[in-house]
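Participant: Take a look at this one; I'll ask things after.
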Amino acid sequence: MKEFVLSGGGGFGNRKIDYEAELNDEQRPAVMESDGAALVLAGAGSGKTRVITYRVAWLLDHGVPPERILLLTFTNKAAKEMVGRVESLLGVYPHGLWAGTFHSIANRILRMYGSHIGYGSNFSILDEEDANDLIKLCVKQLKIDSTNKRFPGASVLKSIISYRRNAALTMQMVLERKHPHFLPLIADIERVSNLYEQQKQEQQAMDFDDLLTIFLRLLTEQPHIKEKLATQFAYILVDEFQDTNVIQADIVHALSSINNNVLAVGDDAQSIYSFRAAEIRNILDFPRRYTDAKMFRLVTNYRSTPQILAVANSVIANNDNQFAKELVAAVGDGELPALVPANSASQEAQFVVEQMSTLLNAGANYSSLAVLFRAAFHSQQVEFELMKRGIPYEYRGGMKFFERAHVKDALAHLRVMHNVRDAMAWNRALMLQPGLGLTTANKIAATVAAMTDIAQAVGSTPTTAAKAAQGWAGTQRILRAMLTASPSIAEMLRAFAGSEDYRAYMENEYPNWQERLEDVEQLATFAEQYDDMAAFLDAVSLTADFGARVDDPSKPKRETQEDSVVLSTIHQAKGLEWDTVFIINLSEGGFPSGRAMDEEGGLEEERRLFYVASTRARQRLFLTYPITAGYENVELRQPSIFLSEIPKNQYEEIKLRYGGDWSNIGRTSRVAVARGQTDDWDEPTIVLDDTGETVRKPMPGSFLRGIDEL
């Protein structure tokens, strides 16, 4: 380790910082004693950002020039926030400090030194759309038949190329791991990848992945540049180190090779981005790569109650590949998390939204409530229930369910089955097929929309042009399969999703095609409630109206238009927090994800996802799951393995009970919580009749502390 002599302090800024008083016993040594290589294991809510900003302030305050400090983050927002906090601490802006994302720092250095490896300072950066357009040109230039349904589209090719580079894998390994159905096309995919790289070089352009890989290439191929930069950066700080990929870890190692002052801050228990090529081994192997590394643990949690942390600690303790640690709450006692088995996804959604209504009526803000889920398709029932209640919500991690392209594709096919004259629906259905552009689709749509009924339309020949006829044949095959499945709306949707034509389209166009098909299955499950096509399409089409009913005087008033309940995938929720969190669909095959269970290390990452989700909650945590799936063909579901890992004394189980006609379970429209004892039931209970009305009045109790009535 190269020594860097610090001055006695007070050498930067207008404010004297009392580090002893402003940092706790865990944070203080990480800030003041972390010279050399150091790993700060920062548990959820433990003040990670505080440690980083105070460490930067400490270095500046002790004579390290700002230009000799490098702070690497994963978002520009995080970098800006941290520099702003440093400015607030010191009373002066730290001009010259190198702070930003890996990509922004790489861009800055490549502008300075890229000429050493063939790039001018004026190279262009391709955004995602630019990169996809260039890949399309490469496919065309190579004369690959892009209308071949088995050949991937530009966005899928881009994701394959990106993952290959960030994970430092061969094309064979990537396809085996991510897209085995494209293995027969590996030669053509390699050709596209190679031409894409060649074209970018010729055009003096880089995509986002290039910024990292070419930066590492600069450091590897030009030792004098590496030495210059490694000498300049006396101290390197890395935020969210558990999210780095192998390229980023190698960059950090190269830049710290002279002074060896690298502070890696992160939490192995929150490593959840392997699908983006994040490598958990980077943080787990840090002590091996930096043999003299110090280790600091931040386990005091300032966010959640002890009861919530007990659940998170119990589940994550089952992982083998981790640094053992246990979060300790700094806040006072709260209520036990609630475990809520529901008869169905519909009943689960009713329970969640009823609890929200209870909290909102008691004065909670909409934005203090969040529903978290493992995959986007899990949210559909909750979304529909929120729409029916007129409760505004914000969706994180993608589009709202009924706004998703593939859901609209499925509905377009149902619409033409229901109303053959629906030309707009015909257009959407037709344009999914190869060989059909807008003009041709419009002509075919005008012809078939004039038919007497859907059977006549499907049996017609509206075009004779070769490519257009091929596309129309694909539409015919889908609609014939749906006609065979008629009159069941759910089975028609399953026939649509299961058709070879639509499945091939999805595989070729979307990297996450499997999740999208699961969305359509979720729509089919939802459709099992309906026997009438018109009623189903009306319910779906009027969702915008449901969501707009926010000025109903009987509803809790929002403070601002932006104040909405949050629905989010767990991946999108990382780094955020809410007073009340509902984690839904904690059932076998739902969470943990069935696909993840088949991957090496998949179960442990799913367990880390649960840890992240549960530690988003400040005051209340609800763990819910449906016991069954489906309406007509009911399938029993086991609870998630994670629920069995929680000791029974760490949660309160809420049993949902129905009165009246039990045949209507799962189809009721509202629920209410009965707290405390209800006759011979000694657990908190929900009691419904067949219309969804409350059979038993809620009684005083302790299920939701501080709320006297529903």
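The values are calculated or read from the model by the stated rules, or taken from the named source; none is laboratory data. None of the values given here were measured: they were computed from a predicted structure. As a convention, Cβ positions derive from the backbone with ideal geometry for all residues, glycine included, and neighbour counts pool all protein chains shown. Protein only, heavy atoms only, side chains kept; ligands, DNA and RNA dropped before computing areas. Shrake-Rupley method; radii C 1.70, N 1.55, O 1.52, S 1.80 Å.
Participant: What does the charge add up to near Gly84, with Lys and Arg as +1, Asp and Glu as -1, over the other residues with Cβ less than 14 Å from its Cβ?
Facilitator: Values: positive: Arg50, Lys77, Lys80, Arg85; negative: Glu81, Glu87.
Net charge in that neighbourhood comes out at +2.
Participant: Among the trypsin sites (Lys or Arg not before Pro) within segment 362-394, which fall in a DSSP loop and have no more than 12 other Cβ atoms within 10 Å of their own Cβ? Don't jump to the answer; show the numbers that get you there.
Facilitator: Details: sites: Arg374, Lys388, Arg389; in loops: Arg374.
Passing sites in segment 362-394 do not exist.
Participant: A further question on this structure: Quick check on the chain: helices-only [θ] at 222 nm, where DSSP H runs of length 4 and up contribute -39,500 (n - 2.57) each and the sum goes over total residues. Nearest 500, please.
Facilitator: Helices in the chain give a 222 nm mean residue ellipticity of -13000 deg cm²/dmol.
Participant: Pairs of Cα atoms under 8 Å, at least six residues apart: use those to get the relative contact order of segment 335-492, whole percent. It would help to have the intermediate numbers written out before the result.
Facilitator: Working: 124 pairs, mean separation 23.2, N = 158.
So the answer I get is 15 percent.
Participant: Setting aside same-chain residues fewer than 8 positions from Lys158, which lysines have a Cα under 24 Å from its Cα?
Facilitator: Lys136, Lys140, Lys143, Lys149, Lys178, Lys200
Participant: Of the labelled options [x] 30.2; [y] 28.3; [z] 26.5, which one gives Kirkwood radius over Cα pairs in Å as computed for this structure?
Facilitator: Looking at Kirkwood radius over Cα pairs in Å for this model, the match is [y].
Participant: In the chain, what % of DSSP beta bridges are antiparallel (nearest 5)? Each step should come with its number before you reach the end.
Facilitator: Details: 7 of 60 bridges.
Within the chain, antiparallel bridges account for around 10 percent of the total.
Participant: Pop out the carbon and sulfur fraction of the accessible area of segment 311-424 as a percent, whole number, probe 1.4 Å. Write down the numbers at each step before the final one.
Facilitator: Values: 1620 of 3580 Å².
Carbon-and-sulfur percentage of accessible area, whole number: 45.
Participant: Here is a follow-up. Would you work out what percent of the accessible area of segment 485-535, with all protein chains in place, is carbon or sulfur (probe 1.4 Å)? Don't skip to the end; give the middle numbers.
Facilitator: Details: 840 of 1940 Å².
So the carbon and sulfur contribution to the accessible surface is 43 percent.
Participant: What is the chain's relative contact order, in percent, from Cα pairs under 8 angstrom and six or more apart in sequence? Mind dumping the intermediate values first?
Facilitator: On the way: 1260 pairs, mean separation 112.4, N = 710.
Taking the mean separation of contacting Cα pairs over the length of the chain, I get 16 percent.
Participant: Note the direction-averaged projected area, equal to a quarter of the hull surface, for the Cα convex hull of segment 403-540, in nm².
Facilitator: Working: hull surface 30.0 nm².
Across all orientations, segment 403-540 yields a mean hull projection of 7.5 nm².
Participant: With every protein chain kept in place and ligands, DNA and RNA left out, what is the accessible area per residue of the chain? Probe 1.4 Å, answer in Å².
Facilitator: Values: 29420 Å² over 710 residues.
Result: 41 Å² per residue.
Participant: Within segment 192-259, what whole-number % of the accessible surface is contributed by carbon and sulfur, with the 1.4 Å probe and all protein chains included in the calculation? Could you put the intermediate results ahead of the total?
Facilitator: Details: 1130 of 2190 Å².
That fraction is 52 percent.
Participant: Give the calculated FRET efficiency between Ala469 and Ile125 to the nearest 0.05, with a Förster radius of 45 Å applied to their Cβ-Cβ distance.
Facilitator: On the way: r = 43 Å, r/R0 = 0.95.
According to the calculation, E is roughly 0.60.
Participant: Could you give the length gained on full extension between Glu521 and Arg288, defined as 0.36 nm per residue of separation minus the Cα-Cα distance, in nm? Kindly include the intermediate steps, with their values, before the conclusion.
Facilitator: Values: separation 233, 0.36 × 233 = 83.88 nm, distance 4.61 nm.
The Glu521-Arg288 span can extend by a further 79.3 nm.
Participant: Which of the lysines could a cross-linker bridge to Lys325, judged by Cα under 28 Å and excluding same-chain residues fewer than eight apart?
Facilitator: Answer for Lys325, where 28 Å is the Cα cut-off: Lys48, Lys294, Lys574, Lys648, listed by chain and number.
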